[in-house]
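Enquirer: Structure in structure tokens, see below.
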Amino acid sequence: MQLEKSIIDDANHKQQAAHQRRFDFVAADIKDLDIILKKLGNFQIAIPSWALGTGGTRFGRFSGGGEPRSLEEKIEDVGLIHALNKSSNSISLHIPWDIPDNATSVKALAAQLGLHFDAVNSNTFQDQSSQQHSYKYGSLHHVDKAVRKQAVEHNIEVINYGIELHSKALSLWLSDGSNFPGQLNMRGAFERTLKSLQEIYEALPADWKLWIEYKPYEPNFYSTTIGDWGQSYLLASKLGNQAQTLVDLGHHLQGANIEQIVSLLLMEGKLAGFHFNDSKYGDDDLTVGSINPYQLFLIFNELVEGMDARGMNHATGIGWMIDASHNIKDPVEDLLQSVEAIKIAYTQALLVDQQALKQAQQQNDVVLAQEILQHAYRTDVRPLLAESRLRAGGALQPLDVYRQQAVRKQLINERGALAVSTGL
Ligand code: PSV
Ligand code: MN
Ligand code: MN
């Protein structure tokens with residue numbers, strides 16, 4: 001299904017007066033208002049194809065119904081999100097969960113909804129019925145050359161799908177690791193991973209990037225071969241300029257200072273981009289901003305400052321993507337919340353008085369530095385986001401429109417209560 005523009009316009013009309021009041025109140029205190037609104041309008045966050053169905057845990061999965069049954073229906077769901085928030089104009093595919101059999105028609109459908117294709121993701125963490133060798137003991141780091149070859153070939157196949165879709169990056173996460181001490185020679189595993197990655201790197205088109213994601217544990221619980229940003233950075237450095245490190249917010253040990261990691265990767269030109277989510281305990285894949293929105297703001301503060309220092313375009317300089325799961329929420333509602341949380345943090349970071357902050361830092365005025373950051377963080381920027389959506393033709397209140405139109409009910413009618421999407 002698609003949402004008619006007139007439905008969004010009607011809803012906006014009803015909310016216009018209240019919005020104007022709230023917007024005028026915040027806008028009165030903001031310098032460079034038009035520049036900020038323009039930046040907000042340009043800032044888009046990719047939606048992963050696997051996030052449009054209900055997630056689950058190894059204990060169970062509770063579908064809310066009406067899940068997309070095909071890649072086309074997933075694209076339609078991203079189209080719905082984008083029609084409402086005008087902030088999610090691309091989709092990132094995980095292969096083989098979503099194989100674009102007919103790239104031409106898939107591209108046409110996406111274009112009709114104002115969408116394009118973000119990074120393509122490979123999958124060597126699950127065995128597919130069609131494959132010859134098992135990934136039980138890893139893929140690119142495997143001790144058996146035949147397994148490594150199969151995994152390399154899969155990644156090259158994913159690049160080829162991506163070329164047809166006009167993607168510009170291969171995003172790679174390996175579950176390779178070990179479950180028990182002694183299982184693996186760690187140096188050997190790292191060296192084999194590097195060799196395999198070199199073969200994949202050679203198959204990259206010149207205008208493509210290779211994004212290397214890290215994660216400390218799960219599914220392996222003793223060691224992971226690309227377990228932290230140091231290991232990813234080392235691989236990316238050895239590979240060359242087209243390889244960079246991807247930061248998934250949930251892939252850190254408790255208490256890690258993610259903003260510091262981000263700042264240094266950016267400084268080195270090695271920050272590929274993000275998988276946004278939030279977490280309390282581990283790789284929880286919770287709605288962005290639902291647990292620790294201040295950390296998200298601090299990350300964006302480093303990003304805005306660091307990207308400006310390097311003259312980078314905020315919207316296109318690195319990859320922005322959500323990687324969340326929705327155990328008990330409607331995925332579309334959850335994604336709308338996540339995109340909103342990301343843009344709130346971004347806007348608050350844009351409000352930081354960087355000059356005053358630098359001065360406070362030079363003078364070791366710790367109290368003032370904290371005041372400057374928290375003044376921005378405590379500003380309610382939601383009316384600015386709403387205004388930028390309005391100007392782009394989206395909804396002032398996306399979630400309200402989604403609910404008023406009973407979109408999920410319509411999707412259930414169309415696809416069935418038992419429709420289940422592919423993914424984890
Ligand atoms: C692994 O936990 C991960 O974050 C990687 O990005 C995978 O591709 C994705 O989750 C799969 O859901
Ligand atoms: Mn991820
Ligand atoms: Mn993850």
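The values are calculated or read from the model by the stated rules, or taken from the named source; none is laboratory data. Source: prediction; values computed, not measured. All Cβ positions, even for glycine, are placed from backbone atoms using ideal geometry, and neighbour counts span all protein chains on display.
Condition check ((1) basic (Lys, Arg); (2) within 24 Å of PHE276 (Cα to Cα)) across all residues:
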position: GLU153; (1), (2): no, no
position: LEU165; (1), (2): no, yes
position: GLN183; (1), (2): no, no
position: ARG192; (1), (2): yes, no
position: GLN198; (1), (2): no, no
position: PRO216; (1), (2): no, yes
position: TYR222; (1), (2): no, no
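Rundown of residues vs (1) aliphatic (A, V, I, L, M); (2) under 16 Å from ILE226 (Cα atoms), yes/no style:
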| site | (1), (2) |
| --- | --- |
| SER139 | no, yes |
| ALA146 | yes, no |
| TYR161 | no, no |
| LEU165 | yes, no |
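Let's see how each residue does on (1) within 16 Å of ligand 3 (Cβ to nearest atom); (2) touching a strand residue (DSSP E or B) at 6+ places or on another chain (Cβ under 7 Å); (3) on the phi > 0 side of the Ramachandran plot:
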position: ASN292; (1), (2), (3): no, yes, no
position: PHE297; (1), (2), (3): no, no, no
position: PHE300; (1), (2), (3): no, no, no
position: GLY311; (1), (2), (3): no, no, yes
position: MET321; (1), (2), (3): yes, yes, no
position: ILE328; (1), (2), (3): no, no, no
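Enquirer: I'd like the full set of residues that are in contact (Cβ under 8 Å) with a residue 60 or more places away in the chain, more than 16 Å from ligand 1 (Cβ to nearest atom) and surrounded by fewer than 14 Cβ atoms within 10 Å (Cβ to Cβ), limited to segment 43-66.
Expert: If the condition is that a residue be in contact (Cβ under 8 Å) with a residue 60 or more places away in the chain, more than 16 Å from ligand 1 (Cβ to nearest atom) and surrounded by fewer than 14 Cβ atoms within 10 Å (Cβ to Cβ), then PHE62 is the only one that fits.
Enquirer: Is it true that some residue in segment 355-377 is of a type in the set (Asp, Glu), within 28 Å of LEU298 (Cβ to Cβ) and crowded, with 19+ Cβ neighbours inside 10 Å? Give the steps one after another, and end with the answer.
Expert: Filtering segment 355-377 down to residues of a type in the set (Asp, Glu) leaves 365, 371.
Filter once more, so that each one left must be within 28 Å of LEU298 (Cβ to Cβ): 365, 371.
This time we only want the ones that are crowded, with 19+ Cβ neighbours inside 10 Å, so: none.
No, because not a single residue in segment 355-377 is of a type in the set (Asp, Glu), within 28 Å of LEU298 (Cβ to Cβ) and crowded, with 19+ Cβ neighbours inside 10 Å.
Enquirer: Return yes or no: is SER92 touching a strand residue (DSSP E or B) at 6+ places or on another chain (Cβ under 6 Å), closer than 30 Å to SER178 by Cα and either surrounded by fewer than 19 Cβ atoms within 10 Å (Cβ to Cβ) or among the polar types (S, T, N, Q) (or both)?
Expert: Numbers: touching a strand residue (DSSP E or B) at 6+ places or on another chain (Cβ under 6 Å): yes; closer than 30 Å to SER178 by Cα: yes; either surrounded by fewer than 19 Cβ atoms within 10 Å (Cβ to Cβ) or among the polar types (S, T, N, Q) (or both): yes.
Against the criterion (touching a strand residue (DSSP E or B) at 6+ places or on another chain (Cβ under 6 Å), closer than 30 Å to SER178 by Cα and either surrounded by fewer than 19 Cβ atoms within 10 Å (Cβ to Cβ) or among the polar types (S, T, N, Q) (or both)), SER92 qualifies.
Enquirer: Give segment 262-290 a look and list any residue that's crowded, with 21+ Cβ neighbours inside 10 Å, within 16 Å of ligand 3 (Cβ to nearest atom) and either outside any loop (DSSP other than H, G, I, E, B) or among the aromatic types (Phe, Trp, Tyr) (or both), or say none.
Expert: The answer is ALA272, GLY273, PHE274, HIS275, PHE276, ASP278, LEU286.
Enquirer: What are the pairs, 6+ residues apart or on separate chains, where a residue within segment 401-421 that is among the acidic types (Asp, Glu) has its Cβ under 8 Å from a residue that is surrounded by fewer than 18 Cβ atoms within 10 Å (Cβ to Cβ) and at pLDDT below 95?
Expert: Cβ pairs passing all conditions: GLU414/MET1.
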